[in-house]
1. Taking the Cβ of ASN39 as the centre, find all other residues whose Cβ is under 11 Å away and add up their charges (Lys, Arg: +1; Asp, Glu: -1).
2. Rg over Rh of the chain, using C-alpha atoms and the Kirkwood radius, what does it come to?
3. Taking only C-alpha pairs under 8 Å that are 6+ residues apart, what is the relative contact order of segment 2-148 in percent?
4. Got the relative contact order for segment 90-149 handy, in percent, Cα pairs under 8 Å and 6 or more residues apart?
5. Which parts of segment 112-127 would a label at TYR79 reach, counting a residue when its backbone N lies under 14 Å from a point 7 Å out along Cα-to-Cβ?
6. Below 13 angstrom from the Cβ of THR130, what's the summed charge of the other residues (Lys, Arg +1; Asp, Glu -1)?
7. Compute the distance in nm between two label points, each set 7 Å from the Cα along the Cα-to-Cβ direction, one at GLU21 and one at LEU95.
8. Quote to one decimal, in nm, the extra length available between THR57 and ARG122 on full extension: 0.36 nm per residue of separation minus the C-alpha distance between them.
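Every number in this text was worked out from the coordinates using simple rules, so none of it is lab data. Computed from a prediction, not measured in an experiment: that's the story for all the values here. Cβ atoms come from the backbone with ideal geometry, glycine included; neighbour counts cover every protein chain shown.
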Amino acid sequence: MVMDNLNNQTYMKLACEQLQETFECDFVGLAFQESKGPNIGWKVASGNSNDKYKRITLRYGKGIAGRVLSTGRPMEIKYFPQNILGKALEYPILLAEKLLYAYAVPIFINGVPKGVLLVGFRSETSIDDTGKKLVEKAAKELEKQISVI
């Protein structure tokens, strides 16, 4: 799997830190589907307020990461926990990091969505269309690097 390699972990951590600086956001995280089974886990983060993200495991189709992976499309959540599909407890990364805004995009490996890049804010700040395109571009760059490493 992508995160099994120490070089991958180091690269991903640096990428998260750079993205956090670029977007001036509070949190950047990467989640990946486990190599065996449908579970998804948050593997790397920058700007995290605690280490709870490391213990979060989601089912395929659940939470923001699960929904992004199952649809293969970006997902935006504004004013969390208002106006969400399902219950707030279904979004543990947003609860653990006290995020009010999140924009998450899929990371494709061999043409299949296997990872999620999430950019979040602990305020009601949101990302405009230009920013969303930059997040999507960053995900594409991660895809390229993952396939090389």
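1. Details: positive: LYS36, ARG59, LYS62; negative: GLU34.
Within the 11 Å Cβ shell, the charges total +2.
2. Numbers: Rg = 13.7 Å, Rh = 14.9 Å.
Taking Rh as the inverse mean 1/r over Cα pairs, Rg/Rh reads 0.92.
3. Numbers: 271 pairs, mean separation 31.2, N = 147.
After rounding, I find 21 percent.
4. Values: 66 pairs, mean separation 19.7, N = 60.
Here the relative contact order equals 33 percent.
5. Correct set: 124-126.
6. Working: positive: LYS132, LYS133, LYS137; negative: ASP128, ASP129, GLU136.
Once positives and negatives cancel, what remains is 0.
7. Between GLU21 and LEU95, the label points sit 3.4 nm apart.
8. Values: separation 65, 0.36 × 65 = 23.40 nm, distance 2.16 nm.
Extending this stretch completely gives an extra 21.2 nm.
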